[in-house]
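Enquirer: First the structure, which I've put down as C-alpha cells, then a few questions once you've had a look.
The values are calculated or read from the model by the stated rules, or taken from the named source; none is laboratory data. Keep in mind that this is a model prediction, so the values were computed, not measured. Ideal geometry is used to build each Cβ from the backbone, glycine not excepted, and the neighbour counts take in all protein chains shown. With ligands, DNA and RNA removed, areas are computed over all heavy atoms of the protein, side chains included. Shrake-Rupley method; radii C 1.70, N 1.55, O 1.52, S 1.80 Å.
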Amino acid sequence: MTDDNRPFAIRKYDAARLRDALRKMYLIRFFEEGAEDSYMRGLIHGTMHLSIGQEASAVASCMGLTDEDKITSTHRGHGHCIAKGAEVGRMFAEFFGKEEGYCHGRGGSMHIADVTKGNLGANGIVGGGLPIAVGAGLTAKRLNTGAVAICFFGDGANNEGAFHEALNMAAIWKLPVVFICENNKYGMSTSTERSTAVKNIAERAVAYAMPGHTVDGNDFSAVAETVEAAIARARAGEGPSLIENLTYRWRGHSKSDRNRYRSKQEIDEWMARDPIQRFRKELVEHAILDESEAEKVATEARQEVEAGIEFAKSGTAPRIPDLARYVYAEENA
Amino acid sequence: MNAPAKQPDADIRELSYSEAIREAMGLALERDERVVLMGEDIGVYGGAFQVTGDLVERFGADRVMDTPISELGGAGVAVGAALTGLRPIYEFQFSDFAALAMEQIVNQAAKMRYMLGGEASVPVVFRMPAGSGTGAAAQHSQSFEAWFGHVPGLKVVQPSTPEDAKGLLLAALEDPDPVVMFEHKLLYKMKGHVPEGWYTTQIGKSAIRRHGKDVTIVASAIMVHRALAAAEKLAGEGIEAEIIDLRSVRPIDGETIIGSVRKTGRLLCVYEGVRTLGIGAEISAMIAESEAFDFLDAPVLRLGGAEAPIPYNPDLEKAAVPQIPDIEAAARRLARREV
Ligand SMILES: Cc1ncc(C[n+]2csc(CCOP(=O)(O)OP(=O)(O)O)c2C)c(N)n1
Ligand SMILES: [Mg+2]
C-alpha cells in the first residue's frame, strides 16, 4: 500500500502512454465527426453507429493489451478499432468503399476490423462477438500464448442467448476473456429498465461464477484500473470477468434515429460529462502535460483525421469482376 | 391489375407499402383482441423502418410490445402465445436476424401441428424486412425466402405491391398455420392503390402483372418492378414479356407459371436470393417436370443473387443482384434464342 492518491492511470502509465491515450480519444472523436460529415455530404452510404461520448471506455479498456491480444467489437466499433491501433486513413478508405480499406470495401463501418492488430472485427449482429471472444480465449489457453480476449458488447446484447452461453463456457473452462459491457442505457430505443431484469448488468456475473464490476465508463482511470486487474486475472489462468462501463452515446442510435425515447435534458447532462475533457483535465492537473501540449495533441489528431479522409478519397474502387473474391480461400489471392 | 403503373383515377386511394402493412396491423388490432405485435423497437421508435409507426399510441404498449434484443426467445414467445390462443405478429428488425431464431421457426412453429398429429395450431406471423440496396452490407441485406420455403409447415409470401402487402398480411393473420412474410426494404416507400377495409390476398396464388406472348418472366418482390421496367424496353424491340409476380414461395403457384410457359415457350426466373439452390431452381424443375416442358423453345434461364455475401461498396452491391439491364439482356437472349 502506498499513499499515492493520484488516479490509477497517472500512477500506472508513463507520460508518453498517457499522451497517446489522449491522442486516441481525440482520434475517435474526430474520426467519427469526420465520418458523420462525409455521410452528410454523400461520400459515405449505408448507415453508421457513432460512439461519440464513449471514448474513455474504448481506449482505457485496451491499455493493457498487446497486438497479440484479441478484441471482438460491435456495430458501434470505430472507437474499439482505433483504441486497438488501427490507422484512420484505412478506416476511412473502408467507409468510402475502397480497396485500401481494412476490408477492401466489402465490409464498411459495421464490419471494420484490423486483424493484424488483433481486432477481430465489428459485428452487424448484436451479441455476435460474444462466443467468438470465448473461442479466442480457448485458442489462447490451448496454445498457451498468454494472450487474452476482450469482448466488447452493449447493454442490449446482454439479453441475447449468446451472452449467457458465452459467459457460462468461459467460466467452466476458465478462459482468459474479459467481457466488457458498454452500458449506454439504451439498446436502440429500449432502455435497460425496460429490457433487462437486473439493475446492473454486472450482477449477471454471479450466475456465471465470475467477478462482476460496474464502473463509471467515462472515467478513464476507473476503467483502466478495473480492466487491467481483469486482464491480469485472465493471464494468470484464473478465468473470465464481467465489467460494465456506464457511459452514454451522444448521437442517435444510427443515422435514422429521431431520439423520441430520451430527453434533451438527459443528453445535455451526459454531454456535460465529456470523457475526453475529463481525462485531459486530469492529465493537466497531474502535470503530465500542460494546456498548450494538450491542445497540440488535439490538433495533431484533427490533422491525422483530415489526412485520413484525403487518403481515402484517392483510394481505388474495387473491380466488379472481383465481386466474389474473398468468399473462399482459393479466391483470396 | 397492373399495380406498379400509375393509376389515372384521381380518387383511387394510394398508400405506401409500409403504410399498407401498418393499416393491416391496425385493422387486426382493432378487430381481434387476441392480436399482439412483438418486436424490437416497434413501439415509440416506430420500428427500424417505421412500419409500426404510431400503432403503440393507438393500441398501447401491452399490444405493441417492445421486446429485448432476444430473437430466439422473442420468436419462441410468439410461437407459444400462438399455440395457446393469441395471434402474434412478430417483426424481425431485419430478416437476417431470423437466423438467430431458426430453432423456434423451423423446429417448433413449422412442425408443431404435424408432430402433435394435427392436435395443435400455431397461427403466428413473422414479418421480415429483407433484401439489399441500402449499403448495410453482408449481415443486413440477405434474402432468405428459399431457406424458409424449404420447410414444410411454413407458408412464405413476398408481396411486391402495397395492395398485396396488406392483403397477404391479413391472409397470414387469418391462416391457422405459421406464415413468414418477406418485405423488401426498397419497397417500403413505394406507393400504390390500396383498397379500404379488411380484405385478403390468397396465399399460394401468383399474379400476372403484364401479359405477353414471347417470354415468361417469373419475378418476386422488387424484381417484379425491375422486370416490368425491362419489359417496357423490350416491347420497343417487339419482344412482349409476360410478367408473373410470384407472391408466394410456399405454396408455389404451379398452375399460373406452367400455363404461361405453355403459351410463351420461354422462361426466365428473376429473384434476389442467391441464384444456386434458390427459387429459380424450384421453378425450373417444376417446368421440366410439367406438361409445359414440351412447349419450351429455349433453355430455362435463372437470374439470381451472386454467389457471395452482399458487399458494402455500392457498385459491388448493385452488381450482386439482378438489375434492369440484366433482366432485359437475359430476356432478349431467350426471345432471340441466343442461349
Ligand atoms: C441480432 C440482432 N438484433 C438486432 C439488431 C439491430 N440492432 C443493431 S444495434 C441494436 C441495439 C444494440 O444495443 P446495445 O447492445 O445496447 O448497443 P449500442 O447500440 O447501445 O451500442 C439493435 C437492436 C442487430 N444488429 N442484431
Ligand atoms: Mg446500448
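Enquirer: Give the longest segment of chain B that steers clear of GluC sites (Glu not before Pro) in DSSP loops with at most 16 neighbouring Cβ atoms within 10 Å, not counting the sites themselves.
Expert: B:34-118
Enquirer: Is the range B:207-335 best put as rounded, prolate or oblate by its Cα gyration tensor, with a ≥ b ≥ c the root eigenvalues, rounded for a/c under 1.5, and otherwise prolate when a/b is larger than b/c, oblate when not?
Expert: Judged from the Cα gyration tensor, the range B:207-335 comes out oblate (a/c at least 1.5, b/c at or above a/b).
Enquirer: With unit charges on the beta carbon (Lys/Arg positive, Asp/Glu negative), name the residue among B:A219, B:L277, B:A288 whose Cα is farthest towards the positive pole of the charge dipole of the range B:207-335.
Expert: B:A219
Enquirer: To continue, here is another question. Just want to confirm a number: the relative contact order over chain A, from Cα pairs under 8 angstrom separated by 6+ residues, in percent.
Expert: Computed value for chain A: 24 percent relative contact order.
Enquirer: Would you be so kind as to list the residues of the range B:305-321 that have their accessible area lowered by at least 40 Å² in the full protein complex compared with their chain by itself (1.4 Å probe)?
Expert: So the qualifying set is B:Y312, B:N313, B:L316.
Enquirer: Compute the signed sum of charges (Lys and Arg +1, Asp and Glu -1) over the other residues within less than 12 Å, Cβ to Cβ, of A:G34.
Expert: With Lys, Arg at +1 and Asp, Glu at -1, the neighbours total -3.
Enquirer: How high is the relative contact order of the range B:207-335, given as a whole-number percent (alpha carbon pairs under 8 Å, six or more residues apart)?
Expert: 30 percent
Enquirer: Evaluate E = 1/(1 + (r/R0)^6) for B:D297 and B:K189, where r is the Cβ-Cβ distance and R0 equals 56 Å; express this FRET efficiency to the nearest 0.05.
Expert: Here the calculated transfer efficiency is 0.90.
Enquirer: Moving on. How many Cβ atoms of partner chains, on average, are near each residue of A:185-196 if near means within 10 Å of its Cβ?
Expert: Whole-number average of other-chain Cβ neighbours for A:185-196 is 4.
Enquirer: On the Cα set of chain A, report Rg and Dmax in Å, please.
Expert: According to the Cα coordinates of chain A, Rg and Dmax are 19.4, 65 Å.
Enquirer: Continuing with this model, one more query. Roughly how many Å is it from the Cα centre of the range A:202-260 to that of the range B:165-231, as a whole number?
Expert: 47 Å
Enquirer: If you count, for every residue in B:33-46, the Cβ atoms of partner chains within 10 Å of its Cβ, what is the mean?
Expert: 3
Enquirer: Answer with one residue from A:F92, A:M110, A:G64: the one whose Cα lies farthest towards the positive end of the charge dipole of the range A:57-110, charges on Cβ with Lys, Arg +1 and Asp, Glu -1.
Expert: A:M110
Enquirer: Could you grab the relative contact order for chain B? Cα pairs under 8 Å, six or more apart, rounded to a whole percent.
Expert: 16 percent
Enquirer: Output the residues of the range B:135-150 meeting this criterion: accessible area (heavy atoms, 1.4 Å probe) in the chain alone minus accessible area with all protein chains in place is 40 Å² or greater.
Expert: B:Q139, B:H140
Enquirer: Same structure, new question: Between the range A:29-51 and the range B:16-30, what's the alpha-carbon centroid distance in Å?
Expert: If you average the Cα positions of each part, the centres end up 34 Å apart.
Enquirer: Right, something else. Tell me, what % of the accessible area of chain B is carbon and sulfur with a 1.4 angstrom probe?
Expert: Ligands and nucleic acids excluded, carbon and sulfur reach 53 percent.
Enquirer: For every other residue with a beta carbon closer than 12 angstrom to the beta carbon of B:F148, add +1 if it is Lys or Arg and -1 if Asp or Glu, then tell me the sum.
Expert: Values: positive: B:K155, B:R250; negative: B:E145.
Computed value for this residue: +1.
Enquirer: In whole percent, and with a 1.4 Å probe on the protein chains, what portion of the accessible area of chain A is carbon and sulfur? Provide the component values of the computation, followed by the final result.
Expert: Numbers: 7080 of 13720 Å².
Result for chain A: 52 percent of the exposed heavy-atom area is carbon or sulfur.
Enquirer: Which translational diffusion coefficient, to the nearest whole µm²/s, is obtained for the protein assembly as shown from the Stokes-Einstein equation, given a Kirkwood hydrodynamic radius over C-alpha pairs, 20 °C and 1.002 mPa s?
Expert: 80 µm²/s
Enquirer: Number of Lys pairs in the range B:156-265 with C-alpha atoms less than 26 angstrom apart, excluding same-chain neighbours closer than eight positions?
Expert: Final tally of qualifying lysine pairs is 15.
Enquirer: Still on this model: Show which lysines lie in cross-link reach of A:K281 when reach means a straight Cα distance below 27 angstrom and same-chain residues fewer than eight apart are skipped.
Expert: The reachable lysines, counting only those whose Cα sits under 27 Å from A:K281, are A:K12, A:K24, A:K84, A:K185, A:K264, A:K296.
Enquirer: Now, a different point. A:H286 to A:A317: FRET efficiency via 1/(1 + (r/R0)^6), r the Cβ-Cβ distance, R0 41 Å, to the nearest 0.05?
Expert: Computed FRET efficiency for A:H286 and A:A317: 0.30.
Enquirer: Accessible surface of A:T72 in the full protein assembly, 1.4 angstrom probe, to the nearest 10 Å²?
Expert: Only protein atoms counted, so the area is about 10 Å².
Enquirer: Need one number: buried accessible surface between chains A and B, 1.4 Å probe, both sides summed, DNA, RNA and ligands left out, in Å² to 100.
Expert: 2900 Å²
Enquirer: Within 10 Å of each Cβ of A:308-318, how many other protein chain Cβ atoms are there on average?
Expert: Neighbouring Cβ atoms belonging to other protein chains average 1 per residue here.
Enquirer: Can you give the convex hull volume per residue for the Cα atoms of the range B:14-193, as a whole number of Å³? Can you show the working numbers first?
Expert: On the way: hull volume 18.2 nm³, N = 180.
Cα convex hull per residue, to the nearest whole number: 101 Å³.
Enquirer: Accessible area per residue, 1.4 Å probe, Å², for the protein assembly as shown: what's the number?
Expert: Details: 26270 Å² over 672 residues.
So the protein assembly as shown comes to 39 Å² accessible per residue, rounded to a whole number.
Enquirer: Nearest-5 percent of antiparallel DSSP beta bridges in the protein assembly as shown?
Expert: 15 percent
Enquirer: Now a separate question. Just how large is the dipole of chain A about the Cα centre, in debye to the nearest 20, putting +1 at every Lys and Arg Cβ and -1 at every Asp and Glu Cβ?
Expert: 700 debye
Enquirer: Give the angle, between 0 and 90 degrees and rounded to the nearest 10, that separates the Cα long axis of helix B:162-174 from the longest principal axis of the Cα atoms of chain B.
Expert: 50 degrees
Enquirer: Across chain B, what fraction of all alpha-carbon pairs, as a whole percent, falls in each successive 20 Å bin from zero upward?
Expert: 32, 57, 10
Enquirer: Lys and Arg at +1, Asp and Glu at -1: add these up for the other residues within a Cβ distance under 9 Å of A:M188 and post the number.
Expert: Its environment carries a net charge of -3.
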